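Nothing in this text is a laboratory measurement; each read-out follows from the coordinates by a stated rule. Remember, it's a predicted structure, so these values are computed and weren't measured experimentally. A quick note on method: Cβ atoms are made from the backbone with ideal geometry, for glycine too, and the neighbour counts reach across all protein chains shown.
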Amino acid sequence: MRGAAAGITLVLALAGCSEGSTSGGGAGGGAAVAPFNPSQLAQAVPSELAAPKGWKGASPVVRDGSVLQKLCEQGARFSCAGLTSYGNSRYSTSGAFVDFELLAYDSVDNAKVGMKSMVADIHDGKPDAKPLTVDAGADETDAYADGDRPGVVLRVGAVVAFVFGETLPKDNDLQSFAKFQVQRINTAATGKNPDA
């Protein structure tokens, strides 16, 4: 189980960059507009049960409250304003992994700022990364390819997700994991358990 500090650091350390930004037209705005509580975020973070065949899932980690705010202010380079909870998990298979990082904000406006900050930090980190097109049904999307390490930042209402991997196979590519993450956020936003 990784701590929140490790998870937040991982967001920054493994980030790449892209010019592949899109916004609007996503299906994600609906129920996810309301702030997520930590329980909902825990359900939205990909679980061990939901790992694709041949992949091993790690137990999700979720942090909130003053502990999260302190860690965020000390180590993060994205916006902490309005951040209410944070979660992460990982799927791995032979020679490949995909990480999921979720940040829940108290409003859509704060989530937009959070996404903007995260994307700017990613762009600063790897200016040579190539833009990537990912259509996962989010309200905003920014995707990139950095060699064999693609990533995408997604905003679904008041939730920002960062999905990134290494050496992903064609049958479980970034697009499929991004869509999977958006679906889990939307399901959790309705009060249902995505694993049910």
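For the reader, a short list of remarks on this structure follows.
- Taking label positions 7 Å along the Cα-Cβ direction at both Val67 and Ser39, the computed distance is 1.8 nm, reported to one decimal.
- The H on the amide N of Ala34, modeled in the peptide plane, is under 5 Å from the matching H of no residue at least 5 residues off or on a different chain.
- Length-normalised contact order of segment 59-149 in % [C-alpha pairs under 8 Å, at least 6 apart]: 22
- Potential lengthening between Leu49 and Lys192 on full extension [0.36 nm per residue; Cα-Cα distance subtracted]: 49.9 nm
- Debye-sum result for segment 53-136 in log10 I(q)/I(0), which assumes one identical scatterer on each alpha carbon, at q = 0.10, 0.15, 0.22, 0.23 Å⁻¹: -0.32, -0.72, -1.16, -1.19
- Remark: segment 82-189 is approximated by an ellipsoid whose semi-axes, taken from the C-alpha gyration tensor as √(5λ), come to 22, 16, 12 Å, largest first.
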